[in-house]
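Data first, discussion second: the structure below is written as structure tokens.
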Amino acid sequence: AKELGKNNCQFYTREMNASIEEKLVLLEGLRSALDDGQFRLVYQPKVDLHTGRVFGVEALVRWDHPEHGVIGPDRFIPLAEESGMIVALGDWVLRSACAQNRAWQDAGIAPLRISVNVSPRQFEDPQLVQRVQRALDDSGLAPEWLELEVTEGVIMRDLQQAVAKMAEVRAMGVSLSIDDFGTGYSSLSALKSFPISTLKIDKSFVRDLGRSSGDEAIASSIIGLAHRLKLRVIAEGVETEQQRSFLRENGCDEMQGYLFSRPLPPQQLAALLTTGSAP
Ligand code: C2E
Ligand code: CA
Ligand code: CA
Ligand code: CA
């Protein structure tokens, strides 16, 4: 609705109202959706850029709304974050992802690392560490097969506290990565004190690789920075062969994107891994 204001004020107002109304409807629905089992996870493969091997998956939440159909997380995660619902929803995501990963291992699929998104409010929850431990204990998943993706927003709120909590998570044997790297405002000097293993290049810098020398400079700088800090680097939103070649030639380690696969329901992901293609 942002672009609409310029020449049609009437329409702009109507859109604004609709979106506030939509927010209220979704917010109302969020409360019961968890109890009613309306959320599910899809899983997007992460691929080693040099060997082509799938080494992990990112869990992404979807809301099957009884009236509005499938709703993507960009429309409800911010609401869940504002309302505090994210703590309960995030706990469900964490537990479901760990249980699913353990189920794949039990089915004989080569072990994968599962990445779970943790938003700032969820990361601040004083019980986060216990919640992660409980998700591992209850699923029987070994900690080395779990990674938390946090954004720079987590770090911005209270640097020292964030670093201490990250260290607790690391001490459990769970990995951490910085998501959407380059879009937030985190100091580069702080980066070296984070007990993380991976930086994820945001898809906004990947989109124009091969077309924009500015984005190419940013992407290759992030790769260089990560490697100098002894971190791995993954690019998200890889859609074209051209983007993949650029990343590979510039030393990026891993990729994720529609070029290899969209996020998939669990059975389709298992099929992709066992037969090499999704049914
Ligand atoms: P994100 O963590 O940066 O996830 C990447 C998003 O890019 C996902 O959107 C994914 O489906 C999409 N994507 C993957 N490959 C491509 C590609 O090649 N091209 C393009 N254009 N997009 C691609 P999705 O699933 O809609 O999730 C959006 C955001 O919602 C995520 O961004 C994340 O911030 C948040 N989110 C999703 N699931 C969860 C969750 O369980 N918990 C929390 N706290 N946040 C979540
Ligand atoms: Ca992510
Ligand atoms: Ca991103
Ligand atoms: Ca994001």
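The values are calculated or read from the model by the stated rules, or taken from the named source; none is laboratory data. It should be emphasised that the depicted structure is a prediction, and the values quoted were computed from it without experimental measurement. Here the Cβ positions follow ideal geometry from the backbone for every residue, glycine too, while neighbour counts run over all protein chains shown. Heads up: the accessible areas ignore ligands, DNA and RNA and are worked out on the full protein's heavy atoms, side chains in. Shrake-Rupley method; radii C 1.70, N 1.55, O 1.52, S 1.80 Å.
Per residue, the solvent-accessible area of the chain (1.4 Å probe, heavy atoms of protein chains only, all protein chains present) comes to 50 Å². At each listed q (0.13 Å⁻¹), what is the log10 of I(q)/I(0) that the Debye formula gives for the chain modelled as equal alpha-carbon point scatterers? Summing over Cα pairs of the chain leads to -0.97. Using the structure shown, select from LYS46/LYS165; LYS165/LYS230; LYS46/LYS203 the pairs with a Cα to Cα distance greater than 23 angstrom. Cα-Cα > 23 Å for LYS46/LYS165; rest within.
The modelled label-to-label distance between ILE109 and GLU67, using points 7 Å beyond Cα along the C-beta direction, is 3.5 nm.
Pairwise alpha-carbon distances in segment 211-279 exceed 20 Å for 39% of all pairs. Here segment 239-279 and segment 168-230 have alpha carbon centers that stand 19 Å from each other. Here the chain exposes an accessible surface that is 51 percent carbon and sulfur, computed with a 1.4 Å probe and the other protein chains kept in place. Each Cα pair under 8 Å and six or more residues apart adds its sequence gap; the mean of these over the residue count of the chain is a relative contact order of 17 percent.
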